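Q: Take this structure, written in structure tokens, and hold onto it; I'll ask about it next.
The values are calculated or read from the model by the stated rules, or taken from the named source; none is laboratory data. Owing to the predicted nature of the structure, the values given are computational and were not obtained by experimental measurement. Neighbour counts run over all protein chains shown; Cβ positions are idealised from the backbone, glycine included. Just the protein is used for accessible areas: all its heavy atoms, side chains included, with ligands, DNA and RNA removed. Shrake-Rupley method; radii C 1.70, N 1.55, O 1.52, S 1.80 Å.
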Amino acid sequence: MRKVIVIALGGNAIKQAHEQGTVEEQRANIATTCEQLVNMLIYGNRLVITHGNGPQAGSLLIQQEAGVAEVPAQPMDVVGAMTQGQIGYMFQQTLQNMLWDKQVPLPVVSIVNQVLVSEDDPDYQDPSKPVGPFYTKEEAEKLGAERPEYVIKEVKPENVERRFRRVVPSPEPIRNIEYLAIRKMVDSGMVVIASGGGGIPVVYDENKRLKGTAAVIDKDKAGEVLATVVGADVFLVLTDIAHAKINFGTPEEKDVGLITYSEMKKLSEEGHFKAGSMGPKVLSCLRFIEWGGQQAIITSLDNAIAALRGESGTRVVPDTK
Ligand code: ADP
Ligand code: MG
């Protein structure tokens, strides 16, 4: 059956953990990912693709600081926009080439996309998301004096020299500012890449004007917001593991397969899914079903087609189904 599928791609779709992040490495990973995406498109599905940007934004922040003697550093929201362009471009080109090879004339477009957050979000009180380079104590103190607006925390034990890092809030996504454009593009049959890196976080200032904020939105949570905006049939979270598991990392570990909303909610409340990795994926799947979605899937790239066929992956469905 033809469906609108919103796909949230994990970090490994672009850069594997052991890699440095050269352009060749990134292109190779993206090609592997796009081969699966093409398979989904060939079945007649409409795809909206979103992706993380952690390693790319981290590298770009380091480049900003390293080049500061020659060119001014750009702020985090601008760096976020740059990585949306960077990653979107690579996906757009690769996917377009593969579709042309298969004589599937679908247009592929990536958009620079802002996501509204609230400065009243509790995460602004005690930011927790580390970004950019690691610093020594001296460097951290110098940076803190130069940039009083930065929150810098010790994120590694005292025996590690470079143990300080800037931390920023990770607020809840409210909506995609460009949602009407995204919806129109999807409705007209385009393959859309949006909300990259969780979207560029923006807030309304006192004059009701949008402005960027130094924050990082979780890409799985932002993917769920995107899925509701386009009225997706399926929210598909692709990561490096084929199933969410209960008792993860213990001898009692077990795959979660087809599961109802209430059963999954219970597992989540019991604490089976770790904060910062599987936790937000499960939470986002639950939110998608709460909104009215018919199916939310967590699986690996290799298992994506089988999961869409109902043969693999963690598949969350409404209670009444
Ligand atoms: P991504 O880049 O795709 O967002 P993450 O590393 O954030 O990837 O999340 C996937 C990881 O979550 C898995 O590789 C696994 O190590 C971890 N994880 C934590 N809890 C669980 C769980 N209960 N079941 C499966 N994986 C889990
Ligand atoms: Mg993650």
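Q: Condition (residue is in contact with a strand residue (DSSP E or B) (Cβ under 9 Å, 6 or more places away or on another chain) and either within 16 Å of ligand 2 (Cβ to nearest atom) or open to solvent by less than 30 Å² (accessible area, probe 1.4 Å) (or both)) applied to the stretch 17-33: is it met by at least one residue? Before the answer, list the steps.
A: As a first pass, look at the stretch 17-33 and keep what is in contact with a strand residue (DSSP E or B) (Cβ under 9 Å, 6 or more places away or on another chain): 33.
Checking the rest, the ones that are also either within 16 Å of ligand 2 (Cβ to nearest atom) or open to solvent by less than 30 Å² (accessible area, probe 1.4 Å) (or both) come to 33.
Within the stretch 17-33, one or more residues are in contact with a strand residue (DSSP E or B) (Cβ under 9 Å, 6 or more places away or on another chain) and either within 16 Å of ligand 2 (Cβ to nearest atom) or open to solvent by less than 30 Å² (accessible area, probe 1.4 Å) (or both).
Q: Sticking with this structure for a sec: Which residues, counting only those in the stretch 281-304, are away from ligand 1 (no atom under 14 Å from the Cβ), in contact (Cβ under 8 Å) with a residue 40 or more places away in the chain and part of a helix (DSSP H, G or I)?
A: R287, F288, W291, listed by residue number.
Q: Continuing with this model, one more query. Can you report the number of residues in the stretch 15-59 which are within 13 Å of ligand 1 (Cβ to nearest atom) and either closer than 26 Å to Y179 by Cβ or in a loop (DSSP other than H, G, I, E, B) (or both)?
A: Of the residues in that region, 10 qualify.
Q: Which members of the stretch 87-106 meet the condition of being in a helix (DSSP H, G or I), out of contact with any Ser or Thr (no Cβ under 6 Å at 6 or more places or on another chain) and either open to solvent by less than 40 Å² (accessible area, probe 1.4 Å) or among the hydroxyl-bearing types (S, T, Y) (or both)?
A: Taking the stretch 87-106 as the starting set, the residues that turn out to be in a helix (DSSP H, G or I) are 87-101.
Okay, now just the ones that are also out of contact with any Ser or Thr (no Cβ under 6 Å at 6 or more places or on another chain), so 87, 89-91, 93-101.
The answer is I87, Y89, M90, F91, T94, L95, Q96, M98, L99.
Q: Restricting attention to the stretch 107-135, report how many residues are open to solvent by less than 70 Å² (accessible area, probe 1.4 Å), at pLDDT 95 or above and in a loop (DSSP other than H, G, I, E, B).
A: The qualifying residues number 6.
Q: Which residues, counting only those in the stretch 261-280, are part of a helix (DSSP H, G or I), within 8 Å of ligand 1 (Cβ to nearest atom) and of a type in the set (A, V, I, L, M, F, W, C)?
A: Hit for the stretch 261-280 is M278, nothing else.
Q: Can you tell me how many residues in the stretch 95-135 are within 30 Å of V155 (Cβ to Cβ), charged (D, E, K, R) and out of contact with any strand residue (DSSP E or B) (no Cβ under 6 Å at 6 or more places or on another chain)?
A: The total comes to 4.
Q: Quick one: is A194 touching a helix residue (DSSP H, G or I) at 6+ places or on another chain (Cβ under 7 Å) and within 16 Å of ligand 1 (Cβ to nearest atom)? Break it down into steps so the answer makes sense when it comes.
A: On the way: touching a helix residue (DSSP H, G or I) at 6+ places or on another chain (Cβ under 7 Å): yes; within 16 Å of ligand 1 (Cβ to nearest atom): no.
Taking the combined requirement at face value, the residue does not satisfy it.
Q: What pairs come up if the first residue lies in the stretch 267-280 and is closer than 15 Å to G249 by Cα and open to solvent by less than 60 Å² (accessible area, probe 1.4 Å), the second is within 9 Å of ligand 1 (Cβ to nearest atom) and of a type in the set (D, E), and their beta carbons are under 9 Å apart, counting only those six or more places apart or on different chains?
A: Short answer, once both residue conditions are applied: none.
Q: With within 19 Å of I5 (Cβ to Cβ), modelled with pLDDT of 95 or more, within 22 Å of the chain's Cα centre (by Cα) and of a type in the set (G, A, S) as the only criterion, which of G279, G212, G292 stands out?
A: G292
Q: List, please: which pairs have Cβ atoms under 7 Å, are six or more places apart or on different chains, and start with a residue in the stretch 82-108 that is within 26 Å of G199 (Cα to Cα) and end with one that is hydroxyl-bearing (S, T, Y) and modelled with pLDDT of 95 or more?
A: Close Cβ pairs (under 7 Å, with a partner that is hydroxyl-bearing (S, T, Y) and modelled with pLDDT of 95 or more) amount to G88/S110; Y89/S110; F91/S110; Q92/S110.
Q: Also: Condition first: charged (D, E, K, R) and assigned to a loop (DSSP other than H, G, I, E, B). Now tell me which residues in the stretch 156-168 satisfy that.
A: First, pick out the residues of the stretch 156-168 that are charged (D, E, K, R): 156, 158, 161-163, 165-166.
Hits for the stretch 156-168 are K156, E158, E161, R162, R163.
Q: Let me ask another. Hey, could you check the stretch 240-260 for residues that are part of a loop (DSSP other than H, G, I, E, B) and in contact (Cβ under 8 Å) with a residue 40 or more places away in the chain and say which is farthest from ligand 2 (Cβ to nearest atom)? Break it down stepwise before answering.
A: Taking the stretch 240-260 and keeping what is part of a loop (DSSP other than H, G, I, E, B), we get 240-244, 247-253, 256-257.
Those still in the list that are in contact (Cβ under 8 Å) with a residue 40 or more places away in the chain too: 240-244, 256-257.
Working: D240: 9, I241: 11, A242: 16, H243: 16, A244: 13, V256: 17, G257: 22 Å.
In this case the residue turns out to be G257.
Q: In the stretch 5-14, what residues are more than 14 Å from ligand 1 (Cβ to nearest atom) and open to solvent by 30 Å² or more (accessible area, probe 1.4 Å)?
A: Quick first cut of the stretch 5-14, residues more than 14 Å from ligand 1 (Cβ to nearest atom) only: 5-6.
Matches in the stretch 5-14: none.
Q: Of the residues in the stretch 241-260, how many are surrounded by 14 or more Cβ atoms within 10 Å (Cβ to Cβ) and either within 10 Å of ligand 1 (Cβ to nearest atom) or at pLDDT below 95 (or both)?
A: 8
Q: Contact list please: Cβ distance under 9 Å, first residue in the stretch 157-182 and small (G, A, S), second residue modelled with pLDDT under 95 and assigned to a strand (DSSP E or B), pairs at least six apart or on different chains.
A: Qualifying pairs under 9 Å: S170/K129.
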